[in-house]
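One structure below.
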Amino acid sequence: MFSQAATLVKNNKGFYMPYLVFVVFATVIVALCSKVESFLWLNQFHSPLADAVFPYVTHLGDGKLALLFLVGLSMVNYRLALTGLYCFLLVLVLTQLGKLVLFEDVLRPAGHFRDLGQQIRLVDGVELHFNNSFPSGHSASAFALFSFVAICLRNKAWGSVLFMVALFAAYSRIYLSQHFFNDVFVGSIIGVLCTLLMTAFLQKTLFKTPKPWHKIGFLYRPKGI
């Protein structure tokens, strides 16, 4: 399975190489700064344009988008759609386990700074959440979705673009004061690793032996099948 995962990384360098660079920088930030310090520094950069854009960008990490993508993918390829479903279910289980069980008492920025009596920069019209901060489900979902899209696409040149889209979706959670940087960073790791390892696992097990239905979808059937 791990050799298969290594092959996926090699074949999708456009996404995974920028992500590895991000992991290095993010690790340094987490090691040198408290989550409060990193949040206050990253959250300070605001503009009217970003205030208008990021409330929409953040929906790129919404689970509904992932579901819509899977439905569309099932129209052309059942195998890829099923792979994506397993990936996103694993992401969902791990993030909810963290939020609701392992780290249920961890406050989001709005809750943390409210208890301190400290004001933070907010975006008008955005509904704030106060609890269940760690890890960021939106960040996990965004990185799972766009890393999986990178794997599915034949044109690997889109990988770096997809990484940037996932990164902006994750950053929106900090910009909108919904998560700390640590939440977003760990969420991204969950999303990327779940997608990578689950895809590799399925390629070595369930989809190891090619079957006719692996190449078809609800609306697509190659000639001869």
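Is any helix in the chain, taking whole DSSP H runs, at least 27 angstrom long along its axis by alpha carbon and on average at least 1.6 on the Kyte-Doolittle scale, and which ones?
Membrane-span-like by this criterion, though nothing is claimed about a membrane: 13-32, 78-97.
Hey, what does the equivalent ellipsoid look like for the range 27-77, semi-axes from the Cα gyration tensor as sqrt of 5 times each eigenvalue, largest first, whole Å? Intermediate values should be presented prior to the final figure.
Details: eigenvalues 218, 63, 10 Å².
Semi-axis lengths for the range 27-77 are 33, 18, 7 Å.
Which chymotrypsin sites (Phe, Trp or Tyr not before Pro) in the range 143-225 sit in a loop by DSSP (not H, G, I, E or B) and have at most 15 other Cβ atoms within 10 Å of their own Cβ?
Sparse-neighbourhood loop chymotrypsin sites (Phe, Trp or Tyr not before Pro): 218, 220.
Once Rh is set to the Kirkwood radius over Cα pairs, what Stokes-Einstein translational diffusion coefficient, in µm²/s, holds for the range 92-225 at a temperature of 20 °C and a viscosity of 1.002 mPa s?
Translational D for this selection: 126 µm²/s.
What are the extents of the Cα atoms of the range 144-192 along their three principal axes, listed from largest to smallest and rounded to whole Å?
Principal axes ranked by extent give 36, 18, 11 Å for the Cα atoms.
Bin all alpha-carbon pair distances of the range 72-163 at 10 Å intervals from 0 and give each bin's fraction as a whole percent.
Per 10 Å bin, starting at 0, the Cα pair percentages come out as 14, 32, 28, 20, 6, 0.
Under a point spin-label approximation (7 Å from Cα along Cα-to-Cβ), what is the residue 25-residue 128 distance to one decimal in nm?
2.8 nm
With unit charges on the beta carbons (Lys and Arg positive, Asp and Glu negative) and the dipole taken about the Cα centre of the chain, which residue among 180, 86, 96 sits farthest to the positive side?
Checked the options; the winner is 86.
Quick one: go through the range 178-212 and flag any residue whose amide nitrogen is under 20 Å from the point 7 Å out along the Cα-to-Cβ line of residue 101.
Residues passing the 20 Å test: 186-195, 198.
Restricting attention to the range 9-55, which chymotrypsin sites (Phe, Trp or Tyr not before Pro) occupy a DSSP loop and are surrounded by at most 15 other Cβ atoms within 10 Å?
Details: sites: 15, 16, 19, 22, 25, 39, 41, 45; in loops: 45.
When the chymotrypsin sites (Phe, Trp or Tyr not before Pro) of the range 9-55 are filtered for loop state and at most 15 Cβ neighbours within 10 Å, 45 remain.
Output the relative contact order of the chain, whole-number percent, from Cα pairs under 8 angstrom with separation of 6+ residues. Working shown, then result.
On the way: 329 pairs, mean separation 77.2, N = 225.
Over the chain, the number comes to 34 percent.
Can you give me the three principal axis dimensions of the chain from its C-alpha atoms, in Å, biggest first?
Extents along the principal axes: 67, 35, 34 Å.
Compute the relative contact order of the range 121-225 as a whole-number percentage, counting only Cα pairs closer than 8 Å that sit 6 or more residues apart in sequence.
Taking the mean separation of contacting Cα pairs over the length of the range 121-225, I get 34 percent.
Relative to the Cα centre, what is the charge dipole magnitude of the range 24-108, using +1 at the beta carbon of each Lys and Arg, -1 at the beta carbon of each Asp and Glu, and rounding to the nearest 20 debye?
Roughly 240 debye for the range 24-108.
R0 = 30 Å: FRET efficiency of residue 93 with residue 120, Cβ-based, nearest 0.05?
Once the sixth-power term is evaluated, E becomes 0.45.
Among 168, 128, 52, pick out the residue whose Cα is farthest towards the positive end of the charge dipole of the chain, where Lys and Arg carry +1 and Asp and Glu carry -1 on C-beta, about the Cα centre.
In the chain, that residue is 168.
Starting from the Cα of residue 47, step 7 Å along the direction of its Cβ; do the same at residue 32; then give the gap between the two resulting points in nm.
2.5 nm
Read-outs: derived from the displayed coordinates by stated rules, not from any lab. The shown structure was predicted, so the numbers you read here are calculated from the model rather than taken from an experiment. Every residue, glycine as well, gets a Cβ built from its backbone with ideal geometry; the counts of neighbours run over all protein chains shown.
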